[in-house]
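The values are calculated or read from the model by the stated rules, or taken from the named source; none is laboratory data. Computed from a predicted structure; not experimentally measured. So basically every Cβ, Gly included, is an ideal-geometry build from the backbone, and we count neighbours across all protein chains shown. The accessibility values were calculated without ligands, DNA or RNA, using every heavy atom of the protein model including side chains. Shrake-Rupley method; radii C 1.70, N 1.55, O 1.52, S 1.80 Å.
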Amino acid sequence: MLLSSERSVLVVVDIQEKLMPSIAESARVERNAATLLRGAALLGVPAFATEQYPKGLGPTAASLRALLPPDGVVEKISFSAAREPAFLERLERIGRQQIVLAGSEAHVCVMQTALSLIGLGFEVVLVADAVSSRTPANAELGIARMRAAGATIVSTEMVLFEWMERSDIPAFKAVLDLIR
């Protein structure tokens with residue numbers, strides 16, 4: 001199963017200002033999420049972010065907020081975004097079945113969102129180098145559980161090259177510049 005820019009939506013889960021300082025390898029997660037958001041914009045892939053209880057955890061990291069449209073954030077209280085009506089309404093409006101996930105924490109909100117989406121019949125693709133948790137062990141366990149439940153595990157570069165499909169598209173050089 002290859003990713004398709006026409007079938008995908010990128011969801012960045014809970015990369016929030018007050019949470020990220022406690023996340024292992026947070027700079028990598030934020031950098032790769034930003035690369036995915038830039039690539040999605042270049043290739044016509046809809047993208048949005050979720051925020052878990054923003055009053056407590058703050059807004060989406062500023063570097064990512066700048067890459068989102070004005071209505072690009074869905075607030076949530078449930079750990080699984082798929083238990084929030086506003087999230088499901090957004091997915092329904094977008095109308096795509098491949099959900100590409102990045103974010104934190106891998107073993108809590110990302111995993112619960114992934115498992116719920118799989119249960120609803122979506123194709124879930126987890127970008128492993130764009131997720132983490134407070135401890136690497138918890139991130140590894142979350143990724144393993146998502147894989148066992150049927151999520152496809154990929155890297156940022158895999159997503160971008162699969163979305164492009166070919167090297168003769170107008171956005172090729174711009175996307176390539178994102179990963180150099």
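The figures follow:
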{"item": "Count - residues of the range 13-22 that are in a loop (DSSP other than H, G, I, E, B) and open to solvent by less than 10 Å² (accessible area, probe 1.4 Å)", "result": "2"}
{"item": "Residues (part of a helix (DSSP H, G or I) and under 20 Å from V108 (Cβ atoms)) located in the range 52-90", "result": "P54, K55, G56, L57, L64, A81, A82, R83, A86, F87, L88"}
{"item": "Hits in the range 128-137 - residues which are surrounded by 14 or more Cβ atoms within 10 Å (Cβ to Cβ) and among the aliphatic types (A, V, I, L, M)", "result": "A128, A130, V131"}
{"item": "Matching residues, the range 118-170, being in contact (Cβ under 8 Å) with a residue 60 or more places away in the chain, part of a helix (DSSP H, G or I) and in contact with a His (Cβ under 9 Å, 6 or more places away or on another chain)", "result": "A139"}
{"item": "Options S4, S26; residue that is in contact (Cβ under 8 Å) with a residue 24 or more places away in the chain, in contact with a strand residue (DSSP E or B) (Cβ under 9 Å, 6 or more places away or on another chain) and surrounded by fewer than 17 Cβ atoms within 10 Å (Cβ to Cβ)", "result": "S4"}
{"item": "Filtered residues of the range 71-95 (kept if hydrophobic (A, V, I, L, M, F, W, C) and farther than 18 Å from Q112 by Cα)", "result": "V73, I94"}
{"item": "When residues of the range 138-177 are limited to those that are closer than 26 Å to G121 by Cβ and hydroxyl-bearing (S, T, Y), the one most open to solvent (accessible area, probe 1.4 Å)", "result": "T152"}
{"item": "Among (1) closer than 24 Å to L117 by Cα; (2) surrounded by fewer than 17 Cβ atoms within 10 Å (Cβ to Cβ) - the single one G58 does not satisfy", "result": "(1)"}
{"item": "Exclusive hit being in a strand (DSSP E or B) and crowded, with 23+ Cβ neighbours inside 10 Å, set L10, L36", "result": "L10"}
{"item": "Complete set of residues in the range 39-51 that are in a helix (DSSP H, G or I) and either open to solvent by 20 Å² or more (accessible area, probe 1.4 Å) or farther than 15 Å from V127 by Cα (or both)", "result": "A41, L42, L43"}
{"item": "Some residue of the range 92-99 being assigned to a strand (DSSP E or B), in contact with a Phe, Trp or Tyr (Cβ under 8 Å, 6 or more places away or on another chain) and touching a residue at least 40 places away in the same chain (Cβ under 8 Å)", "result": "yes"}
{"item": "Candidate set from the range 73-87 (those that are in contact (Cβ under 8 Å) with a residue 24 or more places away in the chain and aliphatic (A, V, I, L, M)); member that is most open to solvent (accessible area, probe 1.4 Å)", "result": "I77"}
